[in-house]
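Input: a single structure, listed below in structure tokens.
The values are calculated or read from the model by the stated rules, or taken from the named source; none is laboratory data. Nothing here was measured: the structure is a model prediction, and the numbers come from that model. Positions of Cβ are backbone-derived with ideal geometry, glycine not excepted, and every protein chain shown enters the neighbour counts.
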Amino acid sequence: MSTIKKVTSAGESDKTLTMYNPKHFINDNIDELNSLIDQYPFATLITGEEVGHLPLYREGNKLVGHMARRNQLKLGEKVKVVFNGPQTYINSSWYAKNDVPTWNYAVVHIDGNLKLIEDNKGILKILNFSNDHMNQQYEEKWDMYVPEDLRGEQLSKAIVGIEISIDNIEGKFKLSQNRNDADYAGVLEGLSRREDEMSQKIRQLMTRPQPR
């Protein structure tokens, strides 16, 4: 179970953030965790008592992104990053024996240290890397462009780059692994009748090799 200690101004730990993750939902396949991060880069960033939402991109053993300078966080501060993958409602009528409904989903949690990138060269590197990543995801491409009012030293006055070390990574893929074979098959059949993207993404995860 991953943990991150919340540090007070006095430097004392007063709280930990953990994720309830029963053993049958734990996913420690690093390739699958990295794939989820790459496909769903819009993340929730938790630091101290602050919560932010921004895209973060995996680059080696770190995450990179940028934010408005007025929202900048402290150098070296411990953070938790949450990547939410596909999710969908599971109708209990799909089970062999009626039970209560639930929700299937896939998430990745990362604990690390945040570092600010404040020089123009470093910020532009992150912007270009982010743009290249998204251009790989979609057919319509966008050529990197910095508006005139953000060129030169104005860029670093407006935004700040961030790097987050990947010190600990934890995956939770809740995909009906706790149900019996008949219930599992019923969920797959029920999802196959839906047309929304999220339901189909969950079904794909449930039918990948060795999902249980």
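For region 47-61, the tally of residues that are on the phi < 0 side of the Ramachandran plot, without any contact (Cβ under 8 Å) to a residue 24 or more places away in the chain and not hydrophobic (A, V, I, L, M, F, W, C) stands at 3.
Is there a residue in region 54-74 that is among the basic types (Lys, Arg), at pLDDT 95 or above and part of a strand (DSSP E or B)?
First, the residues of region 54-74 that are among the basic types (Lys, Arg): 58, 62, 69-70, 74.
Imposing the further condition that a residue be at pLDDT 95 or above reduces the set to 58, 62.
Those still in the list that are part of a strand (DSSP E or B) too: 58, 62.
There is at least one residue in region 54-74 that is among the basic types (Lys, Arg), at pLDDT 95 or above and part of a strand (DSSP E or B).
On the stretch given as region 93-112, residues that are loosely packed, with under 15 Cβ neighbours inside 10 Å and not acidic (Asp, Glu) total 7.
The one condition from (1) modelled with pLDDT of 95 or more; (2) in a helix (DSSP H, G or I); (3) in contact with a strand residue (DSSP E or B) (Cβ under 9 Å, 6 or more places away or on another chain); (4) surrounded by 14 or more Cβ atoms within 10 Å (Cβ to Cβ) that Glu170 does not meet is (2).
Tell me, which residue of region 153-167 that is among the charged types (D, E, K, R) and not in a strand (DSSP E or B) is farthest from Asn29 (Cα to Cα)? That would be Glu153.
For region 1-31, taking the residues that are modelled with pLDDT of 50 or more and closer than 15 Å to Ile166 by Cβ, the one that is surrounded by the fewest Cβ atoms within 10 Å (Cβ to Cβ) is identified as Asp31. Of everything in region 85-134, what is modelled with pLDDT of 90 or more, among the polar types (S, T, N, Q) and assigned to a helix (DSSP H, G or I)? Give them in sequence order. Once the filter is applied, which keeps residues that are modelled with pLDDT of 90 or more, among the polar types (S, T, N, Q) and assigned to a helix (DSSP H, G or I), region 85-134 yields Ser92, Ser93. Candidates in region 181-197 are the residues that are of a type in the set (D, E, K, R) and in a helix (DSSP H, G or I); of these, the one that is farthest from Asp99 (Cα to Cα) is Glu197. Summed over region 189-212, residues that are within 16 Å of Ala106 (Cα to Cα) and either among the aromatic types (Phe, Trp, Tyr) or at pLDDT 95 or above (or both) total 12.
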